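K.L.:
Take this structure first; my questions come after.
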Amino acid sequence: MPSVTLTEFYEYLSASGMKKAAVVKKLKDRDTYSPKRDYYKGFRGAVQSYHSSLDGGELKEYFKNFLKGGISSGKANNYRRMCDGYRKFRIAGPELEWTPSKKYEWRHEDLIVRVAPIWSYRLENELLIVKPHLAKASLTRAGDRMTLMLCLMREAISTRQANKVALLDVGNSKLYPHETVNPVASQLLKAEAATFLILYDQV
């Protein structure tokens with residue numbers, strides 16, 4: 001039973017033509033998860049640690065100390081961009097209260113898409129679940145792919161579990177909330193998942 005992360009499924013959605021088969025083969029042949037190969041694990045951990053123990057403190061100073069704490073030279077620029085983007089989001093965005101996250105899954109036939117990692121916030125009496133987008137490429141031009149990602153999140157996370165879901169383009173400090181239910185997007189999502197499974201059996 002194929003199991004991929006939401007980020008990996010987004011990579012598949014972003015490919016076209018024969019490139020889709022190449023992405024599926026790469027995912028099928030990949031090694032098991034290793035923290036050493038998780039490029040942004042350190043940054044995500046820093047965000048969680050800040051909110052878990054230091055929420056309300058000076059985020060700029062916290063990130064400054066974090067970046068001094070042994071980030072490799074190959075990651076330094078990208079990590080700095082993510083730190084700056086997240087800090088600007090918290091300053092300019094809505095007043096959010098951090099809350100512990102749960103794990104969610106979206107399923108279609110034999111395909112499992114893991115909606116993780118995610119960040120959860122309280123906005124007044126509502127629960128907002130956010131998937132951080134940490135890739136360098138902006139979501140601005142993602143268009144239909146972003147619509148499908150938000151649709152997947154909404155279907156994986158029922159309205160009883162959370163009032164709102166959103167994608168956060170961290171580097172650009174931009175929040176993209178799921179606005180309306182789109183039945184066409186739901187059917188397209190299932191069609192993409194069905195194609196993924198066909199390719200997975202062939203490559």
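The values are calculated or read from the model by the stated rules, or taken from the named source; none is laboratory data. The structure displayed is predicted, hence computed values, not measured ones. Note: ideal-geometry Cβ built from the backbone for every residue, glycine included; neighbour counts use all protein chains shown.
K.L.:
Identify, by number, the condition in (1) of a type in the set (Lys, Arg); (2) without any contact (Cβ under 8 Å) to a residue 40 or more places away in the chain; (3) in a loop (DSSP other than H, G, I, E, B) that Lys64 doesn't meet.
P.N.:
Going through (1) of a type in the set (Lys, Arg); (2) without any contact (Cβ under 8 Å) to a residue 40 or more places away in the chain; (3) in a loop (DSSP other than H, G, I, E, B) one by one, Lys64 breaks only (3).
K.L.:
What residue, among those in region 6-39 that are hydroxyl-bearing (Ser, Thr, Tyr) and more than 15 Å from Tyr200 (Cα to Cα), is surrounded by the fewest Cβ atoms within 10 Å (Cβ to Cβ)?
P.N.:
Residue satisfying both the conditions and the ranking: Thr32.
K.L.:
Does region 40-50 hold any residues that are outside any loop (DSSP other than H, G, I, E, B) and either surrounded by fewer than 14 Cβ atoms within 10 Å (Cβ to Cβ) or in contact with a Leu (Cβ under 6 Å, 6 or more places away or on another chain) (or both), and which are they?
P.N.:
Of everything in region 40-50, those that are outside any loop (DSSP other than H, G, I, E, B) and either surrounded by fewer than 14 Cβ atoms within 10 Å (Cβ to Cβ) or in contact with a Leu (Cβ under 6 Å, 6 or more places away or on another chain) (or both) turn out to be Lys41, Ser49.
K.L.:
Turning to a different aspect of this structure: Quick check: is even one residue across region 59-76 surrounded by 15 or more Cβ atoms within 10 Å (Cβ to Cβ), modelled with pLDDT under 90 and over 11 Å from Phe43 (Cα atoms)?
P.N.:
yes
K.L.:
Restricting the search to region 1-26, which residues are in a loop (DSSP other than H, G, I, E, B) and touching an Asp or Glu at 6+ places or on another chain (Cβ under 8 Å)?
P.N.:
Listed by number, the residues that qualify are Met1, Pro2.
K.L.:
Pairs under 7 Å by beta carbon, first residue within 18 Å of Asn163 (Cα to Cα) and in contact (Cβ under 8 Å) with a residue 12 or more places away in the chain in region 105-122, partner assigned to a strand (DSSP E or B) and basic (Lys, Arg), six or more apart or different chains?
P.N.:
Within 7 Å, the pairs are Glu105/Arg114; Val115/Lys131; Ile118/Lys131.
K.L.:
Quick check on my filter: what residues within region 121-131 are out of contact with any Pro (no Cβ under 7 Å at 6 or more places or on another chain), within 26 Å of Asp84 (Cα to Cα) and of a type outside the set (Asp, Glu)?
P.N.:
The answer is Tyr121, Arg122, Leu127, Leu128, Ile129, Val130, Lys131.
K.L.:
Same structure, new question: Please identify the pairs in which a residue from region 130-159 that is over 30 Å from Ala76 (Cα atoms) and in contact (Cβ under 8 Å) with a residue 40 or more places away in the chain has its Cβ atom under 9 Å from the Cβ atom of a residue that is in a loop (DSSP other than H, G, I, E, B) and not aliphatic (A, V, I, L, M), counting only partners at least 6 apart or on another chain.
P.N.:
Short answer, once both residue conditions are applied: Met153/His178; Ile157/Lys102.
K.L.:
Filter region 170-198 down to the residues that are of a type in the set (S, T, N, Q) and exposed (fewer than 14 other Cβ atoms within 10 Å of the Cβ), then identify the one that is farthest from Arg145 (Cα to Cα).
P.N.:
This residue is Thr180.
K.L.:
If a residue must be outside any helix (DSSP H, G or I), touching a strand residue (DSSP E or B) at 6+ places or on another chain (Cβ under 8 Å) and farther than 30 Å from Leu197 by Cα, how many such residues does region 77-135 contain?
P.N.:
The total comes to 15.
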